[in-house]
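Peer 1: This structure is in structure tokens; I'll ask about it shortly.
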Amino acid sequence: MTPQQPSVLLVEDEPAQREVLAYNLEADGFAVTSAGNGEEALMLVEEAAPDVILLDWMLPNVSGIEVCRRLKTRPETRNVPIIMISARSEEVDRVRGLETGADDYVIKPYSVIELMARVRAQLRRTRPSTVGQRLEYQDIVLDSETHRVTRNGKELKLGPTEFRLLTTFMEKPGRVWSREQLLDRVWGRDIYVDTRTVDVHIGRLRKTLCAHGDKDPLRTVRGAGYSLG
Ligand code: CA
């Protein structure tokens with residue numbers, strides 16, 4: 001997984017369908033974790049920390065609906081958007097799917113293009129920077145398409161790591177990120193970086209954000225990590 005790449009957990013028991021979807025998602029820039037059944041999905045979800053979950057309704061043993069219900073009751077996964085995929089088209093199932101907490105619903109056979117559009121629609125809500133959206137927090141504006149950051153209208157020069165750190169903070173103001181979580185998000189999982197490196201880059205980010213005498217928007221939470229506001 002490369003940093004800032006949006007990630008999908010794909011839960012589908014039919015290998016051929018799983019492969020086609022994984023291929024298309026990866027071609028579209030997603031990091032994909034695949035699960036062939038519900039139990040596996042429930043086990044993988046925390047490690048994978050997906051931005052969106054694509055969940056087949058008809059799964060062996062634990063059904064997609066049950067997986068959805070469980071994910072929506074866990075505090076760690078409650079806010080991850082779930083798109084249910086089903087061969088059933090009856091209105092009653094649609095209602096049941098949404099009642100279980102699914103955020104969207106796609107009926108088989110679906111077009112891959114439509115499914116991708118649905119995934120991106122969920123991302124616009126949860127990971128706006130990955131779909132080129134502008135992020136704003138108080139007087140700070142970050143444009144993920146042009147990589148420009150301004151505060152009070154004045155342009156700030158950030159290094160690539162500081163830019164990714166700020167993006168992470170601005171996507172979820174108020175959320176406390178541990179150093180390990182920031183390492184995963186900003187540097188990527190496959191790279192070994194000391195957690196003290198995080199402090200160094202936070203220091204640089206702070207310095208740039210306060211360069212024009214503005215107040216420090218970042219908060220150090222003792223024993224927990226950092227948050228914006
Ligand atoms: Ca199935």
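Values quoted throughout were computed directly from the atomic coordinates according to the rules given, and no laboratory measurement underlies them. Note that the structure is predicted; figures quoted are calculated from it, not measured. Backbone-built Cβ (ideal geometry, glycine too); neighbour counts: all protein chains shown.
Peer 1: Taking amide H atoms as placed 1.01 Å from N in the peptide plane, list the residues 5 or more away in sequence, or in a different chain, whose amide H sits under 5 Å from that of A35.
Peer 2: Those qualifying (amide H under 5 Å, at least 5 residues apart or on another chain) are L10, V11, E12.
Peer 1: Let me ask something else. Taking θ as phi - 60°, what are the ³J(HN,Hα) couplings along the stretch 202-215 by the Karplus curve (6.51, -1.76, 1.60), each to the nearest whole Hz, with x for Gly and Pro?
Peer 2: Going residue by residue, I get 4, x, 5, 4, 4, 4, 5, 5, 9, 4, 9, x, 7, 6 Hz, with x marking Gly and Pro.
Peer 1: Quick one: if the Förster radius is 22 Å, what FRET efficiency do E26 and I107 give, using the C-beta to C-beta distance and rounding to 0.05?
Peer 2: 0.40
Peer 1: Could you state the angle between the C-alpha long axis of helix 112-126 and the longest principal axis of the C-alpha atoms of the chain, as a value from 0 to 90 degrees rounded to the nearest 10?
Peer 2: 40
Peer 1: Turning to a different aspect of this structure: Counting Lys and Arg as +1 and Asp and Glu as -1, what is the net charge of the other residues whose Cβ lies under 15 Å from the Cβ of V62?
Peer 2: Once all neighbours under 15 Å are counted, the net charge is -2.
Peer 1: Averaging sequence separations of C-alpha pairs under 8 Å and six or more residues apart, then dividing by the length of the stretch 141-196, give the relative contact order as a whole percent.
Peer 2: In percent, rounded to a whole number, it is 22.
Peer 1: Next up: Report, in deg cm²/dmol and to the nearest 500, the calculated mean residue ellipticity at 222 nm for the chain, where each DSSP H run with n ≥ 4 adds -39500 (n - 2.57) and the sum is divided by the residue count.
Peer 2: -12000 deg cm²/dmol
Peer 1: Report, in whole Å, the centroid distance computed from the Cα atoms of the stretch 94-164 and the stretch 171-229.
Peer 2: 20
Peer 1: Sequence gap of 8 or more, or different chains, plus Cα separation below 15 Å: how many lysine pairs satisfy both in the chain?
Peer 2: Here the count comes out as 4.
Peer 1: Could you calculate the contour length gain from R148 to R134, that is, 0.36 nm times the residue separation minus the distance between their Cα atoms, to one decimal place in nm?
Peer 2: So the extension gain works out to 4.1 nm.
Peer 1: A further question follows. Between 0 and 90 degrees, rounded to the nearest ten: what's the tilt of helix 64-73 against the longest Cα principal axis of the chain?
Peer 2: Orientation of helix 64-73: about 30 degrees from the principal axis.
Peer 1: Can you give me the relative contact order of the chain as a percent, contacts being Cα pairs under 8 Å and 6 or more apart?
Peer 2: Value for the chain: 15 percent.
Peer 1: Sticking with this structure for a sec: How tilted is helix 15-27 with respect to the longest principal axis of the chain? Cα atoms for both, answer in degrees (0 to 90, nearest 10).
Peer 2: The two axes meet at around 20 degrees.
Peer 1: Can you check what the net charge comes to around R127, using other residues whose Cβ is under 12 Å from the Cβ of R127 (Lys, Arg +1; Asp, Glu -1)?
Peer 2: +3
Peer 1: I want the local charge near V52. Using Cβ-Cβ distances under 13 Å, sum +1 for each Lys or Arg and -1 for each Asp or Glu among the other residues.
Peer 2: Counting the neighbours of V52, the net charge comes to +1.
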